[in-house]
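A.B. asks: This is the structure, below, for whatever I ask next.
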Amino acid sequence: MIASHPERAKIRLENVLFALGNPLRLEIVRTLADEGEQACGSLRKDVAKSTMTHHWRVLRDSGVIWQRPQGRENLISLRRDDLDARFPGLMDILLNAIHAEQ
């Protein structure tokens with residue numbers, strides 16, 4: 001069972017910024033923003049499953065992603081609508097900066 005996700009009103013800026021302060025988690029957010037919902041196993045095959053579980057938890061608990069089970073996989077999607085509602089412009093600035101660095 002996947003832990004609960006914070007309600008939109010309970011997403012806190014400091015938790016989002018903490019979650020986005022890791023290069024791997026930023027890459028996950030970029031991929032989700034560009035490509036949409038993904039199976040957790042398809043996002044980072046070169047990283048240990050236990051490490052990715054930690055990153056999913058940080059992103060989920062901060063309110064950055066939705067995680068939902070489907071069969072033997074978990075599907076992950078960006079909570080863009082919730083993040084845009086709570087922090088207007090933050091995701092646009094972040095994603096523009098990520099794309100400018102590539």
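The values are calculated or read from the model by the stated rules, or taken from the named source; none is laboratory data. Just so it is clear, the structure is predicted and the values come from calculations on it, not from any experiment. Methodologically, a virtual Cβ is constructed for each residue, glycine included, from the backbone with ideal geometry; neighbour enumeration extends over all protein chains shown. What goes into the accessible areas is simple: the full protein's heavy atoms, side chains included, and nothing from ligands, DNA or RNA. Shrake-Rupley method; radii C 1.70, N 1.55, O 1.52, S 1.80 Å.
Quick grid of which residues meet (1) open to solvent by 80 Å² or more (accessible area, probe 1.4 Å); (2) within 13 Å of the chain's Cα centre (by Cα):
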| residue | (1), (2) |
| --- | --- |
| Leu20 | no, yes |
| Leu32 | no, yes |
| Glu35 | yes, yes |
| Val47 | no, no |
| Ser50 | yes, no |
| Leu75 | no, yes |
| Asp84 | no, no |
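A.B. asks: Continuing with the same structure: Pairs, please: C-beta under 7 Å, at least 6 apart or cross-chain, first residue of a type in the set (Phe, Trp, Tyr) and in the range 81-99, second at pLDDT 95 or above and open to solvent by 30 Å² or more (accessible area, probe 1.4 Å)?
C.D. replies: Phe87/Leu13
A.B. asks: Can I ask one more? Here is a list of conditions, (1) free of Cβ contacts under 8 Å to residues at least 60 places away in the same chain; (2) farther than 21 Å from Arg8 by Cβ, and Arg30 meets all of them except one; can you say which number that is?
C.D. replies: (1)
A.B. asks: Across the range 39-69, what is the total count of residues that are over 25 Å from Ala9 (Cα atoms) and either in contact (Cβ under 8 Å) with a residue 12 or more places away in the chain or in a loop (DSSP other than H, G, I, E, B) (or both)?
C.D. replies: Total meeting the criteria: 10.
A.B. asks: Count, please, the residues in the range 44-102 that happen to be closer than 18 Å to Gly21 by Cα and among the small types (Gly, Ala, Ser).
C.D. replies: Going through the range 44-102 one residue at a time, the tally reaches 5.
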